[in-house]
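The values are calculated or read from the model by the stated rules, or taken from the named source; none is laboratory data. Because the structure is a prediction, the values reported are computed rather than measured. When we count neighbours, we look across all protein chains shown, and the Cβ atoms used for this are built from the backbone with ideal geometry, even at glycine.
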Amino acid sequence: MQTPSSANSVPWLTEHEDAAWRSFLALSRGMERAIDRQLQRDSELSSSEYHVLVPLSESQDGSLPSRELLRYLDWERSRLSHMLSRMEKRGMVCRKPSPQDARGLIVEITEHGRQVINGAAPSHLTMVREAFMDNLSTEEMQALVNMADKVIPRLENMNLI
């Protein structure tokens, strides 16, 4: 890869590094698009709605404090607020005042929300398995986990996530 003359001090990616980086980006973007399309096609859900419903459906009583949901999703507060408003209108969740925190809210999955996630999960998991998991060996999956275990803490230390 050619380096611009004004940035000679920047350590440009080698051909091998560039191929790895571009492959990672293509895989990441491709899987995100596939997930979005599959959920919309099969369940009329956005991937964001699905990501909100999963932790709620997995919680013991179907509810989580909004702060905990925010941490789980790693979203900005405004994004979660907008998504919850949209999902409330669709009857998938409801928000209630927190009995422990006067300023906090509890987000609860509704019966309709449970039906939606229970209907969406099988075809979603089938797509994830067919498109991703079935193409990887156990060793390749572990290598992916190992890469994430190295890169994510680095991003956190750099205050990028």
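Can you tell me which residue is farthest from PRO55 (Cα to Cα) among those in region 97-129 that are surrounded by fewer than 12 Cβ atoms within 10 Å (Cβ to Cβ) and charged (D, E, K, R)?
ARG103
Can you tell me which residue among ILE161, ILE117, ILE106 is modelled with pLDDT under 95 and either under 18 Å from ASP36 (Cα atoms) or of a type in the set (Val, Ile, Thr) (or both)?
Values: ILE117 fails: modelled with pLDDT under 95; ILE106 fails: modelled with pLDDT under 95.
None of the other options fit; the residue is ILE161.
Which of the residues spanning region 131-161 are part of a helix (DSSP H, G or I) and touching a residue at least 12 places away in the same chain (Cβ under 8 Å)?
If we filter region 131-161 for residues that are part of a helix (DSSP H, G or I), which is where we start, we get 131, 133-135, 138-157.
Once the filter is applied, which keeps residues that are part of a helix (DSSP H, G or I) and touching a residue at least 12 places away in the same chain (Cβ under 8 Å), region 131-161 yields only ALA131.
Filter region 84-107 for residues that are in contact with a Leu (Cβ under 8 Å, 6 or more places away or on another chain) and part of a loop (DSSP other than H, G, I, E, B) and give the result.
MET92, SER98 - these are the residues of region 84-107 that are in contact with a Leu (Cβ under 8 Å, 6 or more places away or on another chain) and part of a loop (DSSP other than H, G, I, E, B).
Check region 83-96 and report whether any residue there is modelled with pLDDT of 95 or more, in contact with a Cys (Cβ under 7 Å, 6 or more places away or on another chain) and surrounded by fewer than 18 Cβ atoms within 10 Å (Cβ to Cβ).
Checked against the condition, which is being modelled with pLDDT of 95 or more, in contact with a Cys (Cβ under 7 Å, 6 or more places away or on another chain) and surrounded by fewer than 18 Cβ atoms within 10 Å (Cβ to Cβ), region 83-96 yields at least one hit.
If PRO153 meets every condition in (1) modelled with pLDDT of 95 or more; (2) on the phi > 0 side of the Ramachandran plot apart from one, which number is that one?
(2)
Do we have any residue at all in region 141-149 that's among the hydrophobic types (A, V, I, L, M, F, W, C), surrounded by 12 or more Cβ atoms within 10 Å (Cβ to Cβ) and in contact with a helix residue (DSSP H, G or I) (Cβ under 8 Å, 6 or more places away or on another chain)?
Yes; the residues of region 141-149 include at least one that is among the hydrophobic types (A, V, I, L, M, F, W, C), surrounded by 12 or more Cβ atoms within 10 Å (Cβ to Cβ) and in contact with a helix residue (DSSP H, G or I) (Cβ under 8 Å, 6 or more places away or on another chain).
Which one of these is out of contact with any Pro (no Cβ under 9 Å at 6 or more places or on another chain) and under 15 Å from ALA121 (Cα atoms): LEU25, LEU53?
Numbers: LEU25 fails: under 15 Å from ALA121 (Cα atoms).
Matching residue, one of LEU25, LEU53: LEU53.
SER9 is checked against (1) modelled with pLDDT of 95 or more; (2) loosely packed, with under 12 Cβ neighbours inside 10 Å; (3) farther than 29 Å from THR110 by Cβ; (4) not hydrophobic (A, V, I, L, M, F, W, C) and fails just one. What number does that condition carry?
Here SER9 meets the rest and fails (1).
How many residues does region 8-45 hold that are in contact with a helix residue (DSSP H, G or I) (Cβ under 7 Å, 6 or more places away or on another chain) and part of a loop (DSSP other than H, G, I, E, B)?
2
Please work out which one of (1) in a helix (DSSP H, G or I); (2) closer than 30 Å to ALA131 by Cα is the condition GLU68 fails and give its number.
(2)
With VAL128, VAL107 as the choices, which residue is in contact (Cβ under 8 Å) with a residue 12 or more places away in the chain and in contact with a helix residue (DSSP H, G or I) (Cβ under 7 Å, 6 or more places away or on another chain)? Let's see the steps before the verdict.
Numbers: VAL128 fails: in contact with a helix residue (DSSP H, G or I) (Cβ under 7 Å, 6 or more places away or on another chain).
From the options VAL128, VAL107, the qualifying one is VAL107.
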